[in-house]
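Written below as structure tokens is the structure these notes are about.
Each reported figure results from applying straightforward, stated rules to the coordinates on display, with no laboratory input. Computed from a predicted model, the values in this text were never measured in an experiment. Here the Cβ is made from the backbone with ideal geometry for all residues, glycine too, and neighbour counts use every protein chain on show.
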């Protein structure tokens, strides 16, 4: 063999060896170690609390609206925002001039009616005396008696009018119906209020701000797990680093439907001894539905994980009583994901309770596949002729 041909043969062999080695190492790099490809989490035992969350509004338990039964111009007010008032305390006065005049007019009418009654009674007495002497007829006697009865009725009507006008005059002084704190004052001096069709609102009084309630709306999917007496934890924006406690007082039966979404009003009783919670604050409510202690916990990410090699399918969620609902997690077996069936209980949206299955504390379950999914071809390849 010529030296040139021998050298070409050696170069070709070396090239083939290099290509084979490159292919081998490229394949090794293309297929990562299963321990590096899959991210796992170790199962642990611990406590778990399931909560139902919603937003609500803080309100006083008893909120009284104070109005007026008569129209008039505001003459003076005696209570302002945040003032503490007692039952019967004067809150506001309307200009009484018109009602004082009406009261004096009705009192004059009563006096006139009473004088007419006296005259009718005197005429009746004379008529009866004359009737005994047969100077007048029975008809004259009846007319006299009827005049007395009409005069008495006129007196009663005049007295009722006096009572009516005196009551209206008394209504020009607005008094607090309860003891509490003034939440709002909606009128000012010189303002005219009209009570012709409906009672205008003058003040709003919270009877006791140390006892409040949260009115929250829960979806129908959560209502089935809510019961009176369940403990509640809530937060407000005014105190972001502080949690407050309450208790479910009422789950109201009256539904609210908006855009085909059905919700129910859940009332939470709240103690406010420091008086720092104010009416109208937005409350972020968590109702404690269930608690478990020292149970096996699995991350929810493990329950959602599905290997790329398998088709995505929805797991069964129908439970069988105390055994819980069905779920599937994956563990590494021989370098490949292996499905393990479990029964799950309550969840806190991060971890879920395992109530039955072959897993135990210390087992590692897959929560993520670090290898990106293979890209599908973008289109047909070029045809070669």
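Taking the highest mean first, how do the peptides 130-140, 352-362, 270-280 order by number of other beta carbon atoms within 10 angstrom per residue?
Ranked from most to least packed, the peptides come out as 352-362, 270-280, 130-140.
What ranking do 78, 264 get, fewest neighbouring Cβ atoms within 10 angstrom at the top?
Ascending number of Cβ neighbours within 10 Å: 78, 264.
Can you give me the P(r) profile for segment 96-171? Cα pairs, bins 5 angstrom wide beginning at 0, each as a whole percent.
Taking all Cα pairs of segment 96-171, the binned fractions are 3, 18, 18, 14, 12, 9, 9, 6, 5, 3, 1, 0 percent.
How big, on average over all directions, is the shadow cast by the Cα convex hull of segment 232-296, in nm²?
Values: hull surface 29.1 nm².
The directionally averaged projection comes out at 7.3 nm².
If each residue's Cβ is checked for other Cβ atoms within 10 Å, how do 81, 197 rank with the fewest at the top?
Lowest count first: 197, 81.
What is the order of 62, 281, fewest Cβ neighbours within 10 Å to most?
62, 281
Suppose R0 equals 56 Å; then what is the FRET efficiency for residue 114 and residue 276 from their Cβ-Cβ distance, rounded to the nearest 0.05?
The computed FRET efficiency comes out at 0.35.
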